Amino acid sequence: MTIIEECKSTNEAIDRMAAHGEALMTRVQTAGRGQRGNTWESEPYKNITMSIMLRPEQLPASRQFELSEAVALGVADLLVGLGIDGVRVKWPNDVYAGDRKICGILIENVVNGNNIGRSIAGIGLNVNQTEFLSGAPNPVSLKQLTGRDYDVCELGEELVRFVLRRVGQDNHSEYRRRLWRGEGKWQWETAEGDIFEAGIEDVLPDGRLVLSGCNRRFAFKEVRPRGFAN
């Protein structure tokens with residue numbers, strides 16, 4: 001893993017020619033990006049802000065969500081190993097501790113022909129930050145949960161190992177088991193403002209969410225649990 005002092009975004013700064021498994025981590029990220037244009041708040045020197053280059057072998061673009069599952073579960077594996085309770089994945093790939101967001105993931109794929117040529121997995125994990133100023137509704141950090149300070153660089157190295165162990169594996173059943181609000185029925189709200197009650201039936205290989213009783217398959221930002229932002 002390469003560690004640099006500062007950059008706007010590790011997803012932008014990582015070498016496009018980097019080999020599979022190479023990672024770039026910055027101590028200070030000045031313009032971190034989240035899903036669909038959202039920003040990512042990270043206090044300098046306090047958190048993991050990194051990108052990992054993934055080059056899956058013969059992964060069809062139609063199954064690209066397998067990478068999202070692998071990265072999210074790699075983060076979950078790290079947190080569980082640290083003794084964090086209630087680790088869940090909020091569709092599509094935010095990682096929660098209970099009902100609070102501890103990690104955001106931004107995956108950017110490049111398609112070659114019918115397959116994924118490369119994938120850059122950007123990971124923002126809240127580690128030692130204890131005050132959040134962005135107005136995000138439910139952030140939490142490792143330090144807030146455990147009262148401990150962590151070596152951010154050491155934890156980053158460990159995180160890369162956990163993610164790479166997951167890549168190329170069949171992770172779907174574990175992803176489904178770890179889904180936040182993956183059991184029971186909950187209120188959902190569509191982008192058009194429709195509100196209904198449903199349970200999660202499955203997540204398709206392309207990442208679309210299947211809810212019980214619906215004839216639609218929802219892409220990210222088309223539906224959300226009521227009261228929680230995407």
- Message: Considering only the stretch 153-168, I want to know if a residue exists there that is within 17 Å of GLU69 (Cα to Cα) and free of Cβ contacts under 8 Å to residues at least 40 places away in the same chain.
- Response: yes
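Among the residues of the stretch 94-129, count how many are open to solvent by less than 30 Å² (accessible area, probe 1.4 Å) and either assigned to a strand (DSSP E or B) or modelled with pLDDT under 95 (or both).
18
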- For the stretch 116-141, enumerate the residues that are of a type in the set (S, T, N, Q) and more than 16 Å from MET53 (Cα to Cα). ASN126, ASN128, GLN129, THR130, SER134, ASN138, SER141
- Query: Based on what the data block shows, is GLU197 touching a Ser or Thr at 6+ places or on another chain (Cβ under 7 Å) and open to solvent by 50 Å² or more (accessible area, probe 1.4 Å)?
  - Reply: no
- So which of ARG33, ARG118, ARG16, ARG27 is of a type in the set (Lys, Arg), touching a Ser or Thr at 6+ places or on another chain (Cβ under 6 Å) and more than 22 Å from ARG178 (Cβ to Cβ)? ARG33
- Could you look through the stretch 154-176, keep only residues that are among the basic types (Lys, Arg) and under 19 Å from ALA121 (Cα atoms), and pick out the one that is least open to solvent (accessible area, probe 1.4 Å)? ARG166
- Task: Scan the stretch 207-227 and give yes if some residue there is loosely packed, with under 12 Cβ neighbours inside 10 Å, closer than 20 Å to GLY86 by Cβ and either at pLDDT below 95 or touching a His at 6+ places or on another chain (Cβ under 8 Å) (or both), otherwise no.
- Result: yes
- Going by the conditions given, is LEU179 closer than 24 Å to PHE228 by Cα, in contact (Cβ under 8 Å) with a residue 24 or more places away in the chain, open to solvent by less than 60 Å² (accessible area, probe 1.4 Å) and aliphatic (A, V, I, L, M)? yes
- Message: Going through VAL28, VAL80, VAL71 one at a time, which residue ends up being in contact with a Phe, Trp or Tyr (Cβ under 8 Å, 6 or more places away or on another chain) and either under 21 Å from ASP99 (Cβ atoms) or not charged (D, E, K, R) (or both)?
- Response: VAL28
- Residue match in the stretch 192-214 (condition: more than 20 Å from ASP99 (Cα to Cα) and of a type in the set (Lys, Arg)): yes
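The values are calculated or read from the model by the stated rules, or taken from the named source; none is laboratory data. Only a predicted model underlies this, so the values are computations on that prediction, with no experimental measurement involved. Neighbour counts run over all protein chains shown; Cβ positions are idealised from the backbone, glycine included. Heavy atoms of the whole protein, side chains included, go into the accessibility calculation; ligands, DNA and RNA do not. Shrake-Rupley method; radii C 1.70, N 1.55, O 1.52, S 1.80 Å.
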